[in-house]
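Written out below as structure tokens is the structure these notes cover.
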């Protein structure tokens, strides 16, 4: 089973990379961009058949290693 994890800063947490990207796009003339966030996309292939068990394992991985739960939020998605 393949699972994707999207990790991004929590709302209200300073994202200096996202801010720099937004400013750079604005400098290039893309004034329509009012905010930008930089995140991570992690794709995992698990040897697990049960989707709920896979989600539980990935949640544990996020809390222990993949994401910093103090400043980041994550979203787990099954992929084919």
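Scan the range 1-26 for residues that are crowded, with 16+ Cβ neighbours inside 10 Å and either over 21 Å from the mean Cα position of the chain (by Cα) or in a helix (DSSP H, G or I) (or both) and jot them down.
18, 21, 22
I'm trying to understand the selection: among the residues of the range 51-80, which are under 30 Å from residue 16 (Cβ atoms), in contact (Cβ under 8 Å) with a residue 60 or more places away in the chain and not in a loop (DSSP other than H, G, I, E, B)? So that I can check it myself, show each step before the final result.
Restricting attention to the range 51-80, the residues satisfying the condition of being under 30 Å from residue 16 (Cβ atoms) are 58-77, 79.
Restricting the remaining residues to those that are in contact (Cβ under 8 Å) with a residue 60 or more places away in the chain gives 66-67, 71-77, 79.
Scanning the range 51-80 gives 66, 72, 73, 74, 75, 76, 77, 79.
Given the conditions (1) surrounded by 10 or more Cβ atoms within 10 Å (Cβ to Cβ); (2) free of Cβ contacts under 8 Å to residues at least 40 places away in the same chain; (3) in a loop (DSSP other than H, G, I, E, B), which single one is not true for residue 48?
For residue 48, the exception is condition (2).
Restricting to the range 9-45, and then to whatever is touching a helix residue (DSSP H, G or I) at 6+ places or on another chain (Cβ under 9 Å) and in contact (Cβ under 8 Å) with a residue 40 or more places away in the chain, can you tell me which residue is nearest to residue 71 (Cα to Cα)?
Top of the filtered list is 9.
Which count do you get for residues in the range 58-80 that are surrounded by 14 or more Cβ atoms within 10 Å (Cβ to Cβ) and touching a strand residue (DSSP E or B) at 6+ places or on another chain (Cβ under 7 Å)?
Adding up the residues that qualify gives 9.
Return a yes/no flag: does the range 27-39 have any residue that is modelled with pLDDT under 95 and surrounded by fewer than 12 Cβ atoms within 10 Å (Cβ to Cβ).
yes
The values are calculated or read from the model by the stated rules, or taken from the named source; none is laboratory data. Computed from a prediction, not measured in an experiment: that's the story for all the values here. Every residue, glycine among them, receives a Cβ derived from its backbone with ideal geometry; neighbour counts consider all protein chains shown.
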